[in-house]
Structure formats: C-alpha cells, structure tokens
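Asks: My questions will all concern the structure given below.
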Amino acid sequence: MENIYGKNGLQKVINASGRMTKLGVSTISKGVGETLVDAASNYILIDSLYEFAGKKIGEMIGCEDACVTSSASAGIALSVASLICRDNLTMVHHLFDELPRISKREVILLKGHNVDFGAPIGEMIQLGGGRIVEAGYANGSKLEDIEHAVNPDTLAILFVKSHHCVQKDMVDVQDVTALANRLKVPCIIDAAAEEDLSRYMAMGADMVCYSGAKAIEGPTSGFVACRTRELASNMRLQYKGIGRAMKIGKEGIMGLLKAIREYLDGEHKPVVTKTHLEAFIEKINEIPGCSAVLVQDEAGREIYRAKITFYKERYGYSAKEMIGKLQEGEFAVYTRDYQANIGSLAIDPRPLNSLEELEYIYRRICEIGKEHI
C-alpha cells in the first residue's frame, strides 16, 4: 500500500472517517485523472469555460444553469455576494466599501445550523457580505422561528444539510424551501456532501451548493446549482470581485464535469461494501472489550458505518485514547470520532481504497488491545 506521500517521507493515511477536507476529501478515478492532465495541458478562454460548465452541469442535473466554484464553502460566499451585488459590476469591485450603505443583507440561519465544518459557516456568509440572523434554538426549531425573522432587510434563508448540524427537532428542508418560496425570499441550501444532485432544486431552492470532491469524488472543486440563468450569471460575475481569491482552474472544471458524468452514470462502486463491513463487525465483536454494530448516517442518508464501543476496563483504552493510538504505526488510521467522548468511534467504509485497508484497521485494534493483556 505504497503511495506518493509515503515515498516523500510523509506518514501514510487510511481514511475511515469520511470524505473530509482535512484528509484530502476523496480519491479520483483514472478517467478524471486523465481529464485533469488533458485540460491542464491546453489553453482555453476561462470565461467561456465557466459558461460552458454551468450549462453542462445544468443539463446533467436538471437546473437552468450553475456556477463552478473552488469548493462548496466558496459557493456559499459567492451565493450571498451575488444576491447583494446582482449584476452591478461596480458593487462587485467594491463590495466591502458598499456594505455600510446596504441594509438588505441579512441571511437567516437556524441556530442549530450555525456549525463549524472545519471552518465556521458564519465566516462564509460574512465573507460574501451577509449579516447572520439566527433563528430557533440549538435543540429545536419551527417554521415560525424563520418566518418571524424575515423582514425587509432579509437577503436569503440558508439551510445547511449536514451531519454536523443538530438533527433533533429541526424543521425539514422541504418545508423551509416551501416557506422561502411563499415569502419570496431566496433559499440557499448547503448540500456539500449530499448524494442527490437534483432533489433540492426540484424542491424549489434557488441555489444549492455542492462539493465536487465529496460524494462526486472529483477534484478539489464545487458548484452551485441555480434556479435561473440570471442567478448563475450574477454569481460568475463575482470572479471579478471576491471570487478571484477562490477561483477554480481549467483542469479543475473539466475534471469536475468528468466526475459528475461518471457519478450520474453509476461508475462509482464502493470497494468496501456493506457486506464487507458486516463481516468486519463480527470480527471486532470477538475482541475482548469491544462491541460493534452497524449504524446509519446521522443525517438519514443511505450510508452505513461500523460503530465500535471501547470498554477501557476490559480493552485497555477508551475511545478518546484510541483516536491517537490508531494514528500511530505505518499508517495513521483516521476514524469518525464525533462520539468518542461517550465511548465510541465509527468506521466509514466509503473512503477506503481496498479491503486490505479494512483488514489493517482490524489488525491494529487487535494489536492495541493486546498491549494490556
């Protein structure tokens, strides 16, 4: 399991955490890699490529147009900025000079959605010139909370569809979208890691921000699906303003288009399947002090993981201690550790490159447990 990072003296990583930015998000296919090299080896008028890519993505996922971005988080910032500036190039050039004179820039965000996904989502809103207005509570929200927050200075409603968000007693994305439509307030959905590329636009969202490197398994990139060509065009205009600092290159654009096509054609087949994971769980349950079960994704997606509970009195280490122990050795094994404080880690099979990696994780858990026998 040698790779370019190991050859350069860096510790090799087994990603059992998920498609996380801190771990390089995902790996690309041979076809996407070849597309990147081909695109990077030639010249193109970038503005025309932006327009071509937006039209092509729209055709593939069923929206009028789209704006390619460097990431989903860049998509949030550009969405907000484009709603403020619209097609006014002078405002695009002088966004932060103009902001003190602009009152209509409030972005309503559920309190339970004001999360840190590796960076605070609030910073993305403010980077685009928005002012955050929280609605609801961290442990629950109602549509009335959002409706009450809407006023003449409301620019948009942002709904974050993510496992990072509070899931308990939260209003549904479809209901929020319908409310936004009724109130005639633009609805932006952060769907960075979502697997359905058409669902939210079909619900009536105005802008839907996706990562190109997560579910789609493309290069570092993203795009914003837009309800209208005008919205996408205004967003592309931001590349003459704040978007310049988050531009995506020609190879990233063409690699993204190739990855979306492969994804929609069903060419992405997981190496480690649910069946493999169930067999792994059976073996983990034979290790003294370990208990493993199959669990579904927190946000309700059709994603299944192995949740492993570590009993320190029998195994020798707690789940929190296992985070560091698993990162020792030839490969640093990164697990999903959101519930380590209550005793468990989870193994996400989607990023694993081989069954050999899953077997390595099993061996390491066995070896670490034997240290205290």
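Asks: Quick one, which of (1) 10; (2) 20; (3) 14 is the actual percent of Cα pairs over 40 Å apart calculated for this model?
Replies: Evaluating percent of Cα pairs over 40 Å apart on these atoms matches (2).
Asks: Just report the Cα centroid separation between region 139-174 and region 299-373, whole Å.
Replies: If you average the Cα positions of each part, the centres end up 34 Å apart.
Asks: Counting only heavy atoms of protein chains, what accessible area per residue, in Å², does region 121-172 have with a probe of 1.4 Å? The partial results should precede the final answer.
Replies: On the way: 2450 Å² over 52 residues.
Per-residue value: 47 Å².
Asks: Subtracting the Cα-Cα distance from 0.36 nm times the residue separation, let me have the gained length for residue 4 to residue 23 in nm, one decimal. List each step's numbers first, then the result.
Replies: Working: separation 19, 0.36 × 19 = 6.84 nm, distance 1.48 nm.
Extra length from residue 4 to residue 23 when fully extended: 5.4 nm.
Asks: Give me the one-decimal nm value for the distance between modelled label points at residue 338 and residue 320, 7 Å along each residue's Cα-to-Cβ direction.
Replies: Inter-label distance under the simple model: 1.9 nm.
Asks: Give me the one-decimal nm value for the distance between modelled label points at residue 311 and residue 104, 7 Å along each residue's Cα-to-Cβ direction.
Replies: 6.2
Asks: Shifting gears a bit: For a Förster distance of 35 Å, can you work out the FRET efficiency between the beta-carbons of residue 93 and residue 184, rounded to the nearest 0.05?
Replies: On the way: r = 29 Å, r/R0 = 0.82.
Efficiency for this residue pair is about 0.75.
Asks: Suppose a student asked you for the relative contact order of the chain, using Cα pairs under 8 Å spaced at least 6 residues apart; what percent would you report?
Replies: Values: 711 pairs, mean separation 83.8, N = 373.
Computed value for the chain: 22 percent relative contact order.
Asks: How compact is region 125-166 by the rule of thumb for globular proteins, expressed as Cα Rg over 2.2 N^0.38 Å? All intermediate terms of the calculation are to be shown ahead of the outcome.
Replies: Working: Rg = 11.3 Å, N = 42, 2.2 N^0.38 = 9.1 Å.
Computed over Cα atoms of region 125-166, the ratio equals 1.24.
Asks: Just to be sure I follow the definition: excluding the sites themselves, where is the longest run in the chain that has none of the trypsin sites (Lys or Arg not before Pro) in a DSSP loop with at most 16 other Cβ atoms within 10 Å? Intermediate values should be presented prior to the final figure.
Replies: Values: sites that count: 86, 104, 142, 168, 184, 247, 301.
Free of exposed loop sites, the longest segment is 1-85.
Asks: So if each residue of separation counts as 0.36 nm, and I subtract the Cα-Cα distance between residue 282 and residue 34, what length gain in nm does that give? Don't skip to the end; give the middle numbers.
Replies: Details: separation 248, 0.36 × 248 = 89.28 nm, distance 3.95 nm.
The residue 282-residue 34 span can extend by a further 85.3 nm.
Asks: Heavy atoms only, probe 1.4 Å: what % of the accessible area of the chain goes to carbon and sulfur, would you let me know? If you can, show how the numbers build up before the last one.
Replies: Numbers: 8700 of 17440 Å².
That fraction is 50 percent.
Asks: If you don't mind, there's one more thing I want to ask. Quick one: of 161/274; 7/240; 12/240; 56/161; 111/283; 56/184, which pairs are farther than 32 Å apart, Cα to Cα? Before the final figure, lay out each step's value.
Replies: Working: 161/274 24 Å; 7/240 40 Å; 12/240 39 Å; 56/161 25 Å; 111/283 41 Å; 56/184 28 Å.
Table pairs above 32 Å Cα-Cα are 7/240; 12/240; 111/283.
Asks: At 0.36 nm per residue, and after removing the present C-alpha to C-alpha distance, how many nm does the segment from residue 230 to residue 353 gain when stretched out fully? Could you put the intermediate results ahead of the total?
Replies: Numbers: separation 123, 0.36 × 123 = 44.28 nm, distance 4.09 nm.
Once the chain is fully extended between residue 230 and residue 353, it gains 40.2 nm.
Asks: Mind checking the per residue accessible area of region 234-304 for me, 1.4 Å probe, whole number of Å²?
Replies: Details: 3480 Å² over 71 residues.
Value returned for region 234-304: 49 Å² of accessible area per residue.
The values are calculated or read from the model by the stated rules, or taken from the named source; none is laboratory data. Since the model is a prediction, treat every value here as computed from it, not as a measurement. Positions of Cβ are generated from backbone atoms using ideal geometry, with glycine treated the same way; all protein chains shown enter the neighbour counts. Ligands, DNA and RNA are stripped out before the accessible areas are found, and what is left, the full protein with its side chains, is counted by its heavy atoms. Shrake-Rupley method; radii C 1.70, N 1.55, O 1.52, S 1.80 Å.
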